[in-house]
Amino acid sequence: MSNSEAPYERFTAAARELADLGHAESLLHWDQETCMPRRGSGPRARSLGTLAGLVHERLTAPDLVELVESLDGEGLSGDARVNVRELKRHQDRALRIPRELVVELTRTESLAHEAWVEAREKSEFVLFQPWLEKIVDLKRQEAHAVGFTGSVYNALLDHFEPHARVEEIEPLLGELRRRLVPLVEEILGSEAAAQREDLLEREYDVALQESFGRRVLADLGFDMEAGRLDVSVHPFCSGSHPGDVRLTTRYAAGQLTSALFGIIHEAGHGLYEQGLPAEAEGLPVGGSVSLGIHESQSRTWENAVGRSREFWEHYLPHLAECFPAQLEGVGVDRFYAFVNRVERSLIRVEADEMTYDLHILLRFELEKALIEGELDVGDLPGVWNERMDSYLGIRPGSDAEGVLQDIHWSMGLIGYFPTYTLGNLYGAQFHRRACADLGDLPGQIRRGEFSGLLGWMRENIHSRGSRLTASELVQEVTGEPLRVDYLMEYLEGKYRPLYGLD
Ligand code: ZN
């Protein structure tokens, strides 16, 4: 850092350098998931470790700490205030977690992950239990090092959903559960549910699936000059810059729509990344708000748009041109019902839009109880199975189908799960506002026009970067705080008619 520049200019130069290092990390990760040869994994892990060390060193360098401290006390306004505040948040976190704890967490997470893979293969929770106990203990130490007010869980939640507090989200998530459980029960008990079957189990050429997916991606407004679509085992979106956004999906010949909905979901993330304010690129305000706001984008495009009747009124004829034999005689009603099947599933990642949040709420309640010391790791499988039964009316037959199914806890990701459901809540509230502002959004979708909705998202959400926190953004865009009603209204309005309920 040269001392001849003004303090805020020195600050932005340092912040942009940190962003550049993050950019390199994210590209190495993307490469690892999409095209790295198998034997590249050792050296790659080392490179990523080196970069992470460099980021930590730069972020916590005494001259940057001092600079941030003095700027923070200067009473800045506008973007400068948010930039300093957010960098300070990262810096404080990095400074407060002792080096020995970071090393111990990294080591434990990698061993716990291996233990989880084996435990899941053998479907024996006891093989993973001591590792999860250790992770919970270390994450609690991390939370105490970072500091918090109210619940200890806040320190972990804040890492994924900045400025969110469990005291505020828990009442909403509890209300959602109380309203969802009886609706799901009613739907699954309906006559229509008893008649639902998988009508489209046939073979669908993967190359044709891909070209159809690319066409939809372009129609939605994803800029291929500023992004890519590739294949990976687990679909993801990694954006390091509005001009370079990487999406992935996976194709299976036996499944017609899973790759497509994967593409639309990741496109929702990608459109957000491409729409972030380019002028603030590399600075905290130029980034996304939170995982929850990110997920509000992917869920809106995937579900409210991609699984709508209007969307398929437009695209089914085109899809049938790709697969004339397989889709012969399949009309819009049948297809719409097919892509919106509600099922009692055990596995979160296969869950439909209606039941998905119940899977999440269960995980949120359990991980919060673990961290707060209200639940012992040893009791986890039993409590998991009981809650699955009471929320979804289904009981896992094994640990692999129950408590061992997700990778998150084995990687120390505690506080992450609620962001999925927050995303659905934010998404439904934004979508309702967009419908009111745009007039005939369903008509636009029926014509395959998405620029109205994308323009609305750009103006109201994307272009703001992270100038507002998630709850400020919801208030600003919709005129009220986050509520459960809009997601429930959306689900009721869509699924009651679909399942012949009044
Ligand atoms: Zn997502």
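The values are calculated or read from the model by the stated rules, or taken from the named source; none is laboratory data. Predicted model, so just to flag it, every value in this text is computed and none were measured. We place every Cβ from the backbone using ideal geometry, glycine too, and count neighbours over all the protein chains shown. Each accessible area value is taken on the protein alone, full model and side chains, heavy atoms only, with ligands, DNA and RNA left out. Shrake-Rupley method; radii C 1.70, N 1.55, O 1.52, S 1.80 Å.
In Å, what Kirkwood hydrodynamic radius results for the chain from the alpha-carbon pair distances?
24.2 Å
Using only the alpha carbons, work out the radius of gyration and Dmax of the range 192-319 in angstrom.
In order Rg, Dmax, the Cα atoms of the range 192-319 give 15.8, 54 Å.
Ordering V55, V206 by how much accessible area each has at a 1.4 Å probe, largest first, what is the list?
V206, V55
Among I407, S238, V477, whose Cα lies farthest out toward the positive end of the dipole of the chain, if unit charges sit on the beta carbon of Lys, Arg (+1) and Asp, Glu (-1)?
Among I407, S238, V477, the one farthest towards the positive end of the dipole of the chain is S238.
Separation between the E69 and V206 pseudo-spin-labels, each 7 Å from Cα along Cα→Cβ, expressed in nm?
5.6 nm
Taking all protein chains together and a probe of 1.4 Å, list L188, L362 from the most accessible to the least accessible. Working shown, then result.
Details: L188 30, L362 0 Å².
From most accessible down to least: L188, L362.
Can you tally the lysine pairs in the chain where the Cα-Cα distance is under 25 Å and the two residues are eight or more apart, or on different chains? Don't skip to the end; give the middle numbers.
Values: K88/K139; K122/K134; K134/K368; K139/K368.
Total qualifying Lys-Lys pairs in the chain comes to 4.
Report the extension gain between V233 and E5 in nm, rounded to one decimal, defined as 0.36 nm multiplied by the number of residues separating them, less their alpha carbon distance.
Full-extension gain reported as 77.4 nm.
Per residue, how much accessible surface does the range 408-493 expose to a 1.4 Å probe? Answer in Å², no decimals.
36 Å²
Quick one: if you stick a label point 7 Å off each Cα along the C-beta vector at E476 and F148, how many nm between them?
Inter-label distance under the simple model: 2.8 nm.
Taking the Cα centre of each part, how many Å lie between the range 426-457 and the range 200-223?
22 Å
Answer with one residue from G329, P317, M224: the one whose Cα lies farthest towards the positive end of the charge dipole of the chain, charges on Cβ with Lys, Arg +1 and Asp, Glu -1.
M224
If you take every residue apart from Y272 with its C-beta less than 15 Å away from the C-beta of Y272, what net charge results, scoring Lys and Arg +1 and Asp and Glu -1?
-3
Can you check what the Kirkwood hydrodynamic radius comes to for the range 145-236, Cα pairs only, in Å to one decimal?
On the way: mean 1/r = 0.0530 Å⁻¹.
Over the range 145-236, the inverse of the mean reciprocal pair distance is 18.9 Å.
Determine which residues of the range 105-138 fall in the zone a paramagnetic label at A52 would reach in this model, i.e. backbone nitrogen under 13 Å from the point 7 Å along Cα→Cβ.
105-113
With every protein chain left in place and a probe of 1.4 Å, what is the accessible surface of I263, to the nearest 10 Å²?
Solvent-accessible area, nearest 10 Å²: 0 Å².
Give the calculated FRET efficiency between A320 and V383 to the nearest 0.05, with a Förster radius of 45 Å applied to their Cβ-Cβ distance. Write down the numbers at each step before the final one.
Working: r = 47 Å, r/R0 = 1.04.
About 0.45, to the nearest 0.05.
For Y8, tell me the accessible area in Å² from a 1.4 Å probe, rounded to the nearest 10.
Accessible area, nearest 10 Å²: 60 Å².
Considering only protein heavy atoms, with the full assembly of protein chains and a 1.4 angstrom probe, order H159, H431 by accessible area, largest first. Can you show the working numbers first?
Working: H159 100, H431 30 Å².
Result, largest first: H159, H431.
Say R0 is 25 Å: what FRET efficiency, to the nearest 0.05, do V349 and D31 get from their beta-carbon distance?
According to the calculation, E is roughly 0.55.
Give the distance, in whole Å, between the Cα centre of the range 19-33 and the Cα centre of the range 339-359.
Rounded to whole Å, the Cα centres lie 32 Å apart.
Kindly report the accessible area of the range 183-280 per residue (heavy atoms of protein chains, probe 1.4 Å, no ligands, DNA or RNA), in Å².
Result: 43 Å² of accessible area for each residue.
Counting only protein heavy atoms and using a 1.4 Å probe, what share of the accessible area of the chain belongs to carbon plus sulfur, as a whole percent?
That share works out to 49 percent.
Looking at the square roots a ≥ b ≥ c of the eigenvalues of the Cα gyration tensor of the range 369-420, which shape do they give, rounded for a/c under 1.5, prolate if a/b is larger than b/c, or oblate?
Prolate, since a/c reaches 1.5 and a/b exceeds b/c.
For the range 1-110, what is the accessible area per residue in Å², given a 1.4 Å probe and the full set of protein chains?
For the range 1-110, the per-residue accessible area is 59 Å².
Separation of the range 282-317 and the range 36-96 by C-alpha centroid, Å?
29 Å
At a probe radius of 1.4 Å, what is the per-residue accessible area of D92, in Å² to the nearest 10?
Approximately 40 Å² of D92 is accessible to the 1.4 Å probe.
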